């Protein structure tokens, strides 16, 4: 029995070593691709005059669709931000998803809305639309507000797609704040497209906690004062600047954040719109429209823009963060199961051969493997069979690699967009890089495990995302 256990332990140590090397190698490769792609982007766009897009007769018309559910605290300011975006030809479509608070009343009062007769087709299924509102004030002529029965975020986005008028649509969370020039940067790849049809574009999402915000605009960027949002700054910086940048370069991008994305409306509708059968509708849509294009043998591109284009408030306590991460895990699991046909399928190119396998192993399975490894560690400790030198060496190596990767992400940010101008903010962020692997990452891993358990018990709810509101940041 002892020899059998020794063999098992020997295999486990080697498996752990191989997995660790594989993870490190993958992240290093992604870091290199990110650096190359980021440098290419900066060189290409350093001297771009975005004002020419505003004045160009070729600039496409856009529809910005923003679902809102119980966003009373921030909805008026956020709509004001959407109406003041720097672009010539666009409309703003806000969809009230049967809010139980006074969101709709506040919008009607602030923007002088009245119910109108408005023709549209139900291209995509959605809950009943109770009314369409337009403003009596010409200053708000871009604004259209839809009131509908509650159906969830995906259903609400489908309602917006049904009502909006233009060929390109921008989906944004109503509780997010867009940079004034965000539309110009998002639309540029669509205008430049020649051989390939651009069907989607996304950009960097930044964290607005503790920033100074007035009238729906970021007046001063500050690093979050609390550790939890600050750890998420670190996490988002790695994910957007070093993860999605690389996968865009490798043509294996599976996700455009639901907080901000621009899509070809025709392709979205033809592929069936947003799925109401998942809580991760943003990821599922990107995978499905890519599958649609590949199945119909159409050349296409999905673009990622490394510029910070959107700011959002992130959870500032562990309870709300746990709800969010459970939802993310369930959404990822549902998308991977729904589109399992992609797995190592050459028909789908790099999406099937690289993007899907990476997301399956490193984004979905990694927390599960890590959790099983922790259980194995405690078992070895209890039975006094742990190889302490190997454990300490591996733990130290993993820790310092994780810290190095985070600091490298901070340097990426500072060299490129330099949003945190105070030196002490940058130092705090680097300090967070040392604390995050110990105090933040283990909790996020456990939240992912909870998401898997919630999925096994068929939990479908989003979970209430309580927000402080930007005025109190």
*asked:* Just to be sure before I move on: is residue 55 loosely packed, with under 11 Cβ neighbours inside 10 Å and free of Cβ contacts under 8 Å to residues at least 24 places away in the same chain in the structure I sent?
replied: no
*Might you check whether a residue that is surrounded by 14 or more Cβ atoms within 10 Å (Cβ to Cβ), out of contact with any strand residue (DSSP E or B) (no Cβ under 6 Å at 6 or more places or on another chain), without any contact (Cβ under 8 Å) to a residue 60 or more places away in the chain and not in a helix (DSSP H, G or I) occurs anywhere in segment 368-386?*
yes
_closer than 30 Å to residue 278 by Cβ and either modelled with pLDDT of 95 or more or loosely packed, with under 13 Cβ neighbours inside 10 Å (or both): is that true of residue 444 in this structure?_
yes
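Can you tell me which residues in segment 278-319 are assigned to a loop (DSSP other than H, G, I, E, B) and over 19 Å from the mean Cα position of the chain (by Cα)?
296, 297, 298, 299, 317
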*Would a scan of segment 192-201 turn up a residue that is in a strand (DSSP E or B), under 28 Å from residue 408 (Cβ atoms) and free of Cβ contacts under 8 Å to residues at least 40 places away in the same chain?*
no
*asked:* Given the criterion at pLDDT 90 or above, buried (at least 23 other Cβ atoms within 10 Å of the Cβ) and in contact with a helix residue (DSSP H, G or I) (Cβ under 8 Å, 6 or more places away or on another chain), identify the matching residue among 110, 66.
replied: 66
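Taking residue 204 as the residue in question, decide whether it is touching a strand residue (DSSP E or B) at 6+ places or on another chain (Cβ under 7 Å), in contact (Cβ under 8 Å) with a residue 40 or more places away in the chain and more than 26 Å from residue 306 (Cα to Cα). It would help to see each step written out before you state the result.
Numbers: touching a strand residue (DSSP E or B) at 6+ places or on another chain (Cβ under 7 Å): yes; in contact (Cβ under 8 Å) with a residue 40 or more places away in the chain: yes; more than 26 Å from residue 306 (Cα to Cα): no.
For residue 204, the condition - touching a strand residue (DSSP E or B) at 6+ places or on another chain (Cβ under 7 Å), in contact (Cβ under 8 Å) with a residue 40 or more places away in the chain and more than 26 Å from residue 306 (Cα to Cα) - is not met.
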*Among what's in segment 22-37 and is farther than 22 Å from residue 400 by Cβ and in contact with a helix residue (DSSP H, G or I) (Cβ under 6 Å, 6 or more places away or on another chain), pick the residue that is surrounded by the fewest Cβ atoms within 10 Å (Cβ to Cβ).*
33
*Any chance segment 60-70 includes a residue that's touching a residue at least 12 places away in the same chain (Cβ under 8 Å), out of contact with any strand residue (DSSP E or B) (no Cβ under 7 Å at 6 or more places or on another chain) and farther than 22 Å from residue 186 by Cβ?*
yes
*If a residue has to be surrounded by fewer than 21 Cβ atoms within 10 Å (Cβ to Cβ) and within 21 Å of residue 28 (Cβ to Cβ) to count, how many in segment 238-270 make the cut?*
4
_1 or more residues out of contact with any helix residue (DSSP H, G or I) (no Cβ under 8 Å at 6 or more places or on another chain) and modelled with pLDDT of 95 or more: qualifying helices (runs of 4 or more DSSP H) within segment 226-271_ = 227-237, 265-270
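Let's see how each residue does on (1) under 30 Å from residue 160 (Cβ atoms); (2) touching a residue at least 60 places away in the same chain (Cβ under 8 Å); (3) over 28 Å from the mean Cα position of the chain (by Cα):
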position	(1), (2), (3)
11	no, no, yes
17	no, yes, yes
24	no, yes, no
27	no, yes, no
88	yes, no, no
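Only one of 52, 72, 63, 34 is assigned to a loop (DSSP other than H, G, I, E, B) and under 30 Å from residue 181 (Cβ atoms). Can you tell me which?
Matching residue, one of 52, 72, 63, 34: 72.
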_Any residue that is without any contact (Cβ under 8 Å) to a residue 24 or more places away in the chain, closer than 21 Å to residue 439 by Cα and in a helix (DSSP H, G or I) - is there at least one of those in segment 320-335?_
no
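The values are calculated or read from the model by the stated rules, or taken from the named source; none is laboratory data. Computed from a predicted structure; not experimentally measured. Neighbour counts run over all protein chains shown; Cβ positions are idealised from the backbone, glycine included.
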